[in-house]
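The values are calculated or read from the model by the stated rules, or taken from the named source; none is laboratory data. Please read these numbers as outputs of a predicted model, since none were measured by experiment. Neighbour counts are summed over all protein chains in view; Cβ atoms, including those assigned to glycine, are modelled from backbone coordinates with ideal geometry. Accessible surface areas use protein heavy atoms only, side chains included; no ligands, DNA or RNA. Shrake-Rupley method; radii C 1.70, N 1.55, O 1.52, S 1.80 Å.
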Amino acid sequence: MKKLILIAAVVLGFTTTSFAQLSATANASANMVSALNVAKVANADMNFGTIYTPSAASTLVLTAAASAVLTPSTGLQILSTTGGSAAHFIVTAGAGSPHVNWSAGPINLTSGSNTMSLSALTSSTVTQGANVTLVSGSLDVYIGGTLNIAANQATGTYTNTGGVSVTVAY
């Protein structure tokens, strides 16, 4: 028994008691915003309307606007100067300053083996290759351009799929 008391005294003699404690806390937070989205408006593809086959090489300019206007080069006949439509995209986002940019590669419209090129693309809101910052809400982006028509261009319905794209990123 004396040995047990001696061992207990030795063990208790080596332990120390600490009465001071320090602590700190941190908060956690998260900011949820509306999802970033870009969509082509239904039935809002680029359309140059009805063009009569020219005897000389010509161009047809389509403005990048909600009420697009067609401007034919001298000698080119078209059905109506208001018969076309610019491609229309809507970009939506919450706060967070996403950047809107658009680009288009070489674009050819085809009808069978016949082609016409689309060049000099323009936008109602963003210069091609440049960024514009969208603070929040939505942004309408209209894309127009110049259709290059050869002399005696073959008749037909000329189309292209996927030639113009609008990209957004945070």
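Is the shape of the range 51-170 best called rounded, prolate or oblate, per the rule: a/c under 1.5 gives rounded, else a/b larger than b/c gives prolate, else oblate, with a ≥ b ≥ c the square roots of the Cα gyration tensor eigenvalues? Note, shape of the range 51-170 comes out prolate.
Each label was represented as a point 7 Å from its Cα along the Cα-to-Cβ direction; for THR25 and ALA120 these points are 6.7 nm apart. For the range 61-133, the solvent-accessible area with a 1.4 angstrom probe is 49 square angstrom per residue.
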